[in-house]
Amino acid sequence: TRDAEACFPLMQKHLLDPMDSDLAFCGALPADSNDIVIKSSKYVWGHDEPSDWSYTVDNWRGNNGSWRTVNELSWNYYLFGLGSKDGIVGSGIIVSYWRDYLSTCLSEDIISKYEWFVFTRSDYYWNATHPPVDLLDNNYIYIQDSSYHGGIPDRHFIVPQSMVRKFIQLSTPIFSA
């Protein structure tokens, strides 16, 4: 919920209100229990920010660090993020962790209540209104066209109900290798 006081009003104005959306939060819980994102969320899943992400990720789903083997197979070490590999630092494994964590929280009952899901970051500055989902085809997952660092951007997705479960389970094999 980084920079929530500046970002959330724009999210409310340009995403949540125009789409008549419910907000869900999945991530590291802020120290401030009055955080505007958390208080505005219908659903909240997460835990405190780990002091040691390596321990948290190495022990998620009892994988014993198997994600590190998967990371070695990638030409650009897209999962790095817990230290440096050849001078490369990033946070891909943390994004993968939270997506897989969400897959354990988001129930079929909740999924069945919504036609579309927007997976995005809470620290975006929404300066324009989000495209309405009634313009989209529910046979596709939509991603933002933005910075590419050797793959598909992981910052914003629009997913139809029929594909949500598969989408949030994309990271699961990383932790069960």
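The values are calculated or read from the model by the stated rules, or taken from the named source; none is laboratory data. Everything numeric in this text was worked out from a predicted model, so none of it was measured. Every residue, glycine as well, gets a Cβ built from its backbone with ideal geometry; the counts of neighbours run over all protein chains shown. The area values use the complete protein model at the heavy-atom level, side chains included, leaving out ligands, DNA and RNA. Shrake-Rupley method; radii C 1.70, N 1.55, O 1.52, S 1.80 Å.
Fully extending the segment from residue 34 to residue 59, taken as 0.36 nm per residue of separation minus the present Cα-Cα distance, adds 6.0 nm.
In the assembled protein chains, residue 140 presents an accessible area of approximately 130 Å² (probe radius 1.4 Å). Listed by chain and number, the aspartates and glutamates placed with their C-alpha closer than 15 angstrom to that of residue 42 are 17, 20, 22, 109; residues fewer than eight positions away on the same chain are left out. Between the beta carbons of residue 121 and residue 69, assuming R0 = 41 Å, the FRET efficiency works out to 0.90 to the nearest 0.05. For the pair the range 109-143 / the range 5-20, the C-alpha centres are spaced 13 Å from each other.
Rounded to 0.05, the FRET efficiency of the residue 110 and residue 134 pair, given R0 = 25 Å and the Cβ-Cβ distance, is 0.70. With r defined as the distance between the Cβ atoms of residue 6 and residue 156 and R0 fixed at 22 Å, what FRET efficiency is calculated, to the nearest 0.05? It comes out at approximately 0.75.
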